[in-house]
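Heads up, the thing below is written out as structure tokens.
The values are calculated or read from the model by the stated rules, or taken from the named source; none is laboratory data. It should be emphasised that the depicted structure is a prediction, and the values quoted were computed from it without experimental measurement. Here the Cβ positions follow ideal geometry from the backbone for every residue, glycine too, while neighbour counts run over all protein chains shown. These accessible areas exclude ligands, DNA and RNA; they are computed on the full protein's heavy atoms, side chains included. Shrake-Rupley method; radii C 1.70, N 1.55, O 1.52, S 1.80 Å.
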Amino acid sequence: QVPLKPGRSLMDWIRLTKSGKDLTGLKGRLIEVTEDELSKHNKKEDCWICIRGFVYNVTPYMEYHPGGEDELMRAAGTDGTDLFDQVHRWVNYESMLKECLVGRMAVKPIAAPKANILMTLLFAGVLPEKKVLATSSAKDLSPRLSSFFFLFLLYPGFITSYDWFQTDSLITIVIYTKQKDMDAELVIVDCQDKQLRGEIIMDDHSYLVEVDLDHAVSEDVAVNIAEKVGKVEIILSKKDNIHWKMLGQPREGHNTFIKRIDRGLFFRKCKLVSKTQVTHDTKLFCLLLPKGTHLCVPTGQHVYLKQVIAGTEVVKPYTPVLPFSSLDFEEPPCHDGVHIYLMIKIYSHGLFTQALDHLQIGDYISVSNPEGNFKKSQVQTSEDLFLLAGGTGFTPMVKLLNFALTEVSCRRTVKLMFFNKTEDDILWRNQLEQLALKDERFEVQFILSQPSKEWVGKQGKISSSLLSEFMKRSRRDSKVLICICGPAPFTEQGVQYLKDLGYSQEEIHAFTA
């Protein structure tokens, strides 16, 4: 992020969009935009950008963009969808830029391919036109095998299919992923108001079962996983002990296997059950998942919180942490599976965090599915783990510390370098110091940029000299993983310093969202 001029905050932008001012320059008209026309609007004083087929005049938004004008200019006069997805696909641009909408991109005619294998299969009767969600029997074996064959054609590495059966009191949906080492973190289930959504994560893809159920079920949902064979069971309890003739009606995303980035964010409403003061400006929020939700946020991944502020949807990413009681790191924590803990810094002029801080116990906030590209295997194969955190960039390090010290056998050292302005800003300082005393593998070093006269520790900001002094391998050729998280300048500078010190891109993971 870059510093914004006074009067250029998110709230100021929302006020501008509601002022009635013509932000497109087209006096309310929507037009069809050709590629040639789009390319002409590529200057700061005249900047159009296309996102997912819609063109926006972002010229008036330039001074309000938290990432700065230069970041927006990277997509000036072009289709910026891929760039947008890479940097912050979580931003609700439709809401933020609705008053800047110029129109749709003109659709270019596409020549029909000579042969389309999927259409050929459809007309040959191999693929069904409509999936029938009926009770298992010989007559609906064909549709199920057809869907199975369809997914195999598209993704032969991931053969995924599903089935379902019932007893007098239960409905069981079985998903066969054929993926070894399937675990609870890879299965996300939401069952609310007769709507079932079950998503199975497989690397950068996901498989989705999404159905309007034929009959009502109770709120409680059970998930069983056969890890070795990749079989997932979603078990629902019938409200009435009647025989179901069909599972229900398929929703739009049902029985699809696509890239996660193309899936879109899914939110459910969670209840705020507690707020605990951590430092003078940071609080620990505890959110309760709905009864019909099964969700475990994997180590190194984040969720998005969504609030409607002054009529505009605003979305921000946060990384869940462990509760205070789980910070002993003597054994893997046994989570109840129904709470999400978020450590959030409350900014005095921050529109989103101020709205969060004003939530009352019992209020609800929308929480997304987990996102992120960090994989625990990166920790499992390393011997030395170095964690570089700036301020609340400490949050992804909490679960990483826990995982590294309780579940990885080959770990030799875990070192945390924690950068803050003052002593009062250090999150969980006592717990980290106690951990360093208890576990000889762990070492923590606090660095302050605005220390008091009494401070006897390290001073300064992230630098090549500080990093080279702190980051010593346990042996000359040990496998190293370095994780870094903090404000964008901190992370960007840190990554560059690490590369200058000779660390490879494969040894560095930067947490960004």
Next on the checklist: Of the residues Gln459, Gln496, only one is within 30 Å of the chain's Cα centre (by Cα), over 20 Å from Gln380 (Cα atoms) and loosely packed, with under 14 Cβ neighbours inside 10 Å; which?
Outcome noted: Gln496
Checklist entry - Does Ser348 qualify as being buried (at least 20 other Cβ atoms within 10 Å of the Cβ) and in a loop (DSSP other than H, G, I, E, B)? => result no
Item to check | Selection count where residues are over 17 Å from Thr392 (Cα atoms), without any contact (Cβ under 8 Å) to a residue 40 or more places away in the chain and of a type outside the set (Lys, Arg), scope region 406-449 | outcome: 10
Checklist outcome for this item: If we ask which residues in region 13-33 are in a helix (DSSP H, G or I) and either open to solvent by less than 40 Å² (accessible area, probe 1.4 Å) or of a type in the set (Phe, Trp, Tyr) (or both), their number turns out to be 4
Checklist entry - Can you find even one residue in region 496-511 that is among the aromatic types (Phe, Trp, Tyr), touching a residue at least 40 places away in the same chain (Cβ under 8 Å) and touching a Cys at 6+ places or on another chain (Cβ under 7 Å)? => result yes
Item to check | Condition broken by Arg8, with the remaining ones in (1) open to solvent by less than 70 Å² (accessible area, probe 1.4 Å); (2) of a type in the set (Lys, Arg); (3) at pLDDT 90 or above satisfied | outcome: (3)
Checklist outcome for this item: Residues in region 236-254 that are in contact (Cβ under 8 Å) with a residue 40 or more places away in the chain and either surrounded by fewer than 16 Cβ atoms within 10 Å (Cβ to Cβ) or closer than 21 Å to Asp168 by Cβ (or both) total 13
Checklist entry - Hey, does region 52-72 have a residue that's in contact with a helix residue (DSSP H, G or I) (Cβ under 8 Å, 6 or more places away or on another chain), in a strand (DSSP E or B) and hydroxyl-bearing (Ser, Thr, Tyr)? => result yes
Next on the checklist: Just to be sure I understand the filter: pairs with C-beta atoms under 6 Å, separated by 6 or more residues or on different chains, first member in region 279-306 and touching a residue at least 24 places away in the same chain (Cβ under 8 Å) and in a loop (DSSP other than H, G, I, E, B), second member open to solvent by less than 30 Å² (accessible area, probe 1.4 Å) and of a type in the set (Lys, Arg). Which pairs pass?
Outcome noted: Pro290/Arg268
Checklist entry - List pairs: first in region 81-92 and buried (at least 17 other Cβ atoms within 10 Å of the Cβ), second acidic (Asp, Glu), Cβ under 8 Å, 6+ apart or cross-chain? => result Trp90/Glu371
Checklist outcome for this item: Flagged in region 447-464 as under 17 Å from Pro487 (Cα atoms) and assigned to a strand (DSSP E or B), in numbering order, are Ile447, Leu448
Checklist entry - Can you pull out the residues in region 183-196 that are surrounded by 20 or more Cβ atoms within 10 Å (Cβ to Cβ) and part of a strand (DSSP E or B)? => result Val187, Ile188, Val189, Asp190, Cys191, Leu196
Checklist entry - Can you tell which of Glu210, Glu199, Glu227, Glu233 is of a type in the set (Asp, Glu), open to solvent by 70 Å² or more (accessible area, probe 1.4 Å) and not assigned by the TED database to the domain that holds Tyr304? => result Glu227
Checklist entry - Does region 351-371 hold any residues that are outside any strand (DSSP E or B), modelled with pLDDT of 90 or more and open to solvent by 20 Å² or more (accessible area, probe 1.4 Å), and which are they? => result Gln354, Ala355, Asp357, His358, Leu359, Gln360, Ile361, Gly362, Asp363
Next on the checklist: Name the residue that is nearest to Ala310 (Cα to Cα), counting only residues in region 34-45 that are surrounded by fewer than 16 Cβ atoms within 10 Å (Cβ to Cβ) and under 33 Å from the mean Cα position of the chain (by Cα).
Outcome noted: Lys44
